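Step one of this worksheet: look at the structure below.
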Amino acid sequence: MSTLTLLIVIAFVIGYACIATESVLEINKAAIALLMCVACWTLFMMSPESYIAGDDVLLQVSEKIKVSLGDTAETLFFLMGAMTIVEIVDANGGFNFVRDTLKTRSKRKLMWRIAFMTFFLSAILDNLTTSIVMIMVLRKLVQERKERILYAALVIIAANSGGAFSPIGDVTTIMLWIKGVITTQGVITEILVPSLVSMVIPAFILQFQLNGKFDKAQNLPKAEVSTFTKAQRDIIFWLGVGGLCFVPVFRGLTNLPPFMGILLVLGILWTVTEIFHRSVHREGEEDTMAKRVTDLLSRIDLSTIMFFLGILMAVSCLEHVGVLTALGEWLNDVSGGNHYLVTGIIGVLSSIVDNVPLVAGAMGMYPVAPTGDMAVDGIFWQLLAYCAGVGGSMLIIGSAAGVVVMGLEKITFGWYMKRITWIAFVGYLAGIVCYWLEKSVIGM
């Protein structure tokens, strides 16, 4: 390893440490990720590894950046489109049915309804968005904060478990799906049951901390005024959610990148809502511009998009200089080639640090093989999808869902680690065992 390559690794490690301690430094992780990205690529341009005999260094590095940016842009456009679709559905009352479906006075019944609703919604929307929706609904159903944070903890676990078995349920599964190492059919059929187990077991344990019923007054959803009729809200919901479900089908039919399917759904939903707003305005009601897509676009969390841009491009630089390949070989040697151990370790690490660079790094470490465990839908890639997604539940800072719930409900790191971490870990291990049984005993 050359000196400049070592400097690239040091720049990445320092940047990563700053991202992990964002709450202490009080500097947005997106800013650090962008600086880390630029630092890594600048050093790479100066590194001997960037030379190829007879080629111009600047031209060579520029070509590598374009290739990396193209792969990264697919993920970013997909996320931006999906986030916009969810904002449209939420702003126009499309998620009201979630609140109505969860309504019950039994505390334990509400826990199980929240668990399954979060689990399956996360597979369709994504774990981050589902967590936000469910916390907003919980605030209307559970007034006592001590009880609500227990439900909130289950939302984190269920959202991460639900996102792990769907190609569009988590940023990491989106990355693996776009890369082509997992398929829609493969990840759903073989990861669904392990993911469900990783959610059901923690829910079963947590239910014993809740007894009795809610007061009748606090558990009844209040009606909200909406610009659209119920029929129009239902249309918006089914176009949005149904469209997200259609994206994998669209890719299979056209072989176009997934972000093209997202843009198709966004375009249709945008057009329909504009027609609905125009009809409302013609009927003499005040036009609610705040709910139009042009305004909703401003609500998209661009800092998150910038963070993903920076971190994915920085990891791509490590891949180009050969660091990830060397790391993958070392990890294989240490583990004896045991994919369950390797992915299990990655899953535990994902609860400490962000799972996006971990998965991006793993994709750079290990090449896709034509057959065997490293083939498309092989044991390694499916376990990576499961472990990176579900493993993030073990600490509240280990996933996007956990971080957003931590902020919304002001849950402390210590409370979660003391009350929830061991429960999430039990579910995580149970899911891995379930997957092993599928492969070794049932022979799926």
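The values are calculated or read from the model by the stated rules, or taken from the named source; none is laboratory data. Computed from a prediction, not measured in an experiment: that's the story for all the values here. Positions of Cβ are generated from backbone atoms using ideal geometry, with glycine treated the same way; all protein chains shown enter the neighbour counts. To get the accessible areas, we keep the full protein, side chains included, count just its heavy atoms, and leave off ligands, DNA and RNA. Shrake-Rupley method; radii C 1.70, N 1.55, O 1.52, S 1.80 Å.
Miscellaneous remarks
- Conditions (1) of a type outside the set (Lys, Arg); (2) within 16 Å of the chain's Cα centre (by Cα); (3) on the phi > 0 side of the Ramachandran plot; number of the one not met by Asp170: (3)
- Helices (runs of 4 or more DSSP H) contained entirely in segment 299-380, each with at least 1 residues that are charged (D, E, K, R): 302-320, 323-335
- A count restricted to segment 104-130 and to residues that are modelled with pLDDT of 85 or more and of a type in the set (Ser, Thr, Tyr) stands at 3.
- Residue within segment 341-353 that is open to solvent by 10 Å² or more (accessible area, probe 1.4 Å), among the polar types (S, T, N, Q) and out of contact with any Lys or Arg (no Cβ under 6 Å at 6 or more places or on another chain) present: no
- Gly391 being open to solvent by 10 Å² or more (accessible area, probe 1.4 Å) and either assigned to a helix (DSSP H, G or I) or among the basic types (Lys, Arg) (or both): no
- Tally, over segment 314-330, of residues that are among the aliphatic types (A, V, I, L, M), open to solvent by less than 30 Å² (accessible area, probe 1.4 Å) and out of contact with any Cys (no Cβ under 6 Å at 6 or more places or on another chain): 5
- Flag if Gly378 is open to solvent by less than 10 Å² (accessible area, probe 1.4 Å), modelled with pLDDT under 90 and of a type in the set (Gly, Ala, Ser): yes
- Segment 128-165, residues that are open to solvent by 20 Å² or more (accessible area, probe 1.4 Å) and farther than 21 Å from Ile188 by Cα: Ile132, Met136, Arg139, Lys140, Gln143, Glu144, Arg145, Lys146, Glu147, Arg148
- First in segment 59-71 and farther than 18 Å from Val315 by Cβ, second anywhere and outside any helix (DSSP H, G or I) and aromatic (Phe, Trp, Tyr), Cβ under 9 Å, 6 or more apart: Gln60/Tyr51
- Among residues of segment 96-123 being within 21 Å of the chain's Cα centre (by Cα), open to solvent by 10 Å² or more (accessible area, probe 1.4 Å) and aromatic (Phe, Trp, Tyr), the one that is nearest to Ser298 (Cα to Cα) is Phe120.
- Taking residues in segment 272-295 that are over 25 Å from Ala82 (Cα atoms), and partners anywhere that are at pLDDT below 55, the pairs with Cβ atoms closer than 6 Å and at least 6 places apart or on different chains are His281/Asp287.
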